[in-house]
Amino acid sequence: MISKAEILIRAQEHIREVFLTESTGHDYYHIQRVVINARKILITEPADSFVVELAAWLHDLGDHKLHDGVDKSEELINDFLSSLDVEQQVIDRIVEVVSQVSFSKGNTPYSIEAEIVQDADRLDAIGAIGIARCFAYGGSKNRILFSPHKYEQINSSIQHFYDKLFKLKDKMNTQSARIIANKRHQFMQEYIAEFYQEVGFSID
Ligand code: NI
């Protein structure tokens, strides 16, 4: 039977193949950073590290943004893990954890493993890396960077800070993620203040 270590290596290889050319901010290195964030959180949060790490590798595989609005997580995770002869019980667990992670579905995780993967994913959406991903994603959707006019501002990348990014630090599940999130949040606030200063926009 395939070992846990081997499954993780094969998952990494599979994800590298599928995601290397993705350019909307969900590229292979995003997923790798989520795995690294998850490992950091695991240092202080006792959990099943194999489930956390495997779910982190596979968390964006079936994401609806990459499949014309349809979430294919369950199907693609099943296909991939059964091709490695992973037990169905383990596959179901990974599918369950991944289904609890997505921000857009507004799901609340109910296992520590899902809480950790969700935190790890959200950490990559904030701070310096989060800013870069926000503009890359906005560009892929033909969004403007910023407008001083409210009616145009609604669909801009800067607006996305208020709609999502600034809210994430209060949504962390684990204490270790919260500490990292606070630092990244502060950096985004400084960034926005500097941005407004450069473009001559004052918040009233
Ligand atoms: Ni992700």
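The values are calculated or read from the model by the stated rules, or taken from the named source; none is laboratory data. This structure is a prediction, so every number in the text was calculated from the model and none was measured. Reconstructed Cβ throughout: ideal geometry from the backbone, glycine too, with neighbour counts over all protein chains shown. When the accessible area is computed, the model is the full protein with side chains, heavy atoms only, and any ligands, DNA or RNA have been set aside. Shrake-Rupley method; radii C 1.70, N 1.55, O 1.52, S 1.80 Å.
For the stretch 120-204, trypsin sites (Lys or Arg not before Pro) meeting the loop criterion (DSSP other than H, G, I, E, B) and having at most 14 other Cβ atoms within 10 Å: Lys141. Put simply, the C-alpha atoms of the chain give a gyration tensor, and the ellipsoid matching it has half-axes of 33, 19, 13 Å, longest first. Over the chain, dividing the summed -39,500 (n - 2.57) contributions of all DSSP H runs of at least 4 residues by the number of residues returns a 222 nm mean residue ellipticity of -20000 deg cm²/dmol.
Pairs over the 28 Å Cα-Cα cut-off, from the set Lys141/Lys167; Lys72/Lys141; Lys4/Lys141; Lys40/Lys167; Lys4/Lys167; Lys4/Lys72: Lys4/Lys141; Lys4/Lys167.
In the full protein context, the stretch 4-199 carries 51 Å² of accessible surface per residue, based on a 1.4 Å probe and ignoring ligands, DNA and RNA. Computed over protein heavy atoms with a 1.4 Å probe, the carbon and sulfur contribution to the accessible area of the stretch 1-91 reaches 50%. Fully extending the segment from Leu84 to Val70 would add 2.6 nm, taking 0.36 nm per residue of separation and subtracting the current Cα-Cα distance. If you plug the beta carbon distance of Ser3 and Thr108 into 1/(1 + (r/R0)^6) with R0 = 45 Å, you get a FRET efficiency near 0.85. Counting only protein heavy atoms and using a 1.4 Å probe, the accessible area of Val101 comes to about 10 Å².
Here each label is just a point 7 Å from Cα along the line to Cβ, and for Ala136 and Ile179 those points are 2.8 nm apart. Measuring with a 1.4 angstrom probe and ignoring ligands and nucleic acids, Met172 comes out at about 10 Å² accessible.
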